[in-house]
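Right, one structure below, let's go through it.
Bear in mind that the values in this text are calculations on the coordinates, not laboratory data. Fair warning: this is a prediction, and the values are worked out from it, not measured in the lab. As a convention, Cβ positions derive from the backbone with ideal geometry for all residues, glycine included, and neighbour counts pool all protein chains shown.
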Amino acid sequence: MSNTVALDKTINKNKNRSVAKPGVKNANFGKYVDVFRQLLLLNEKNDLATTLKNIQELMSFSEKIFSSGAVSETFLYFCLHGASTAWVLQCELNMPEATVYRALKRLRAIGVLVPALKVSKVKRSKGGPRPTVWAVDTASPDEVSSALRLHYKLLSPKFRVAEEVAQTILEEYQEAGKPLEINYRDIMGQVKSLKIPFKSPDIAELAAQYLHERGIKVWR
């Protein structure tokens, strides 16, 4: 008799199911397979019962995270950055506020996120609870600090305008297939043409920084 124990009776119901996802061409998932292999190989010295229990827990965790696109995207952001606020997630992931809070609630409920600190309110802010910096348990103090700085940065009206300017430039360059470089004078010209209610050098500098962080060479 085989010693193989089925993890889930529904897994092999569809014998004709293809392993490859339809429509995905030349996708190299080898590195992700290696990650899961490394996780499972941690069980090499365990007995069968312990190994199966650990695999079941990994499967359950994966289902809770990756069954929702918003939750999985939020989870991966925290894996990459360690910490964030709801406002940062809204801006960085271009995700609606309600969706962000649902994703955070889910990740908190399964123990992925913990509150790191409360954000001080900015002047002229509306009422309501103070924002929270959420973090994974292994987040470093530097990651929490970076999340806090980014939160305040994204609240700045100047930065929001500069971000829109930079995004416009970025889209134009990508659509035209231009080299990933730009002259600072061109950024300044773009800013001046918009006649925005801020000092042009301030907005141009922030836009240049934004483009630089996204791999665009800015010549001065």
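Couple of notes before you dig in:
- Residue 56-residue 142 FRET efficiency (beta carbon distance; Förster radius 30 Å; 0.05 resolution): 0.30
- Distance in nm between pseudo-label sites at residue 45 and residue 149 (7 Å out along the Cβ direction from Cα): 4.1 nm
- About the centre of its Cα atoms, segment 36-163 shows a dipole size close to 860 debye [charges on the beta carbon of Lys, Arg (+1) and Asp, Glu (-1) only; nearest 20 debye].
- Against the compact-protein benchmark of 2.2 N^0.38 Å, the Cα-based radius of gyration of segment 157-219 scales to 1.00.
- Around the amide H of residue 218, modelled in the peptide plane, lie the amide H atoms of 182, all under 5 Å away and 5 or more residues distant in sequence or on another chain.
- Of the residues 101, 210, the one with the fewest other Cβ atoms within 10 Å heads the list, and the complete ranking is 101, 210.
- Net lengthening on full extension, residue 98/residue 181 (0.36 nm per residue, minus Cα-Cα): 26.2 nm
- Neighbour-count ranking [beta-carbon atoms within 10 angstrom, fewest first] of 37, 106: 37, 106
- Gained length - residue 164 relative to residue 110, 0.36 nm times residue gap less alpha-carbon distance: 15.9 nm
- When only alpha carbons are used to place a centre, segment 128-177 and segment 65-112 end up 14 Å from one another.
- Between the amide H of residue 132 and those of 86, 119, distances stay under 5 Å, these residues lying 5 or more places away or on another chain, with hydrogens modeled in the peptide plane.
- The ranking of 68, 193 by Cβ neighbour count inside 10 Å, starting from the fewest, reads 193, 68.
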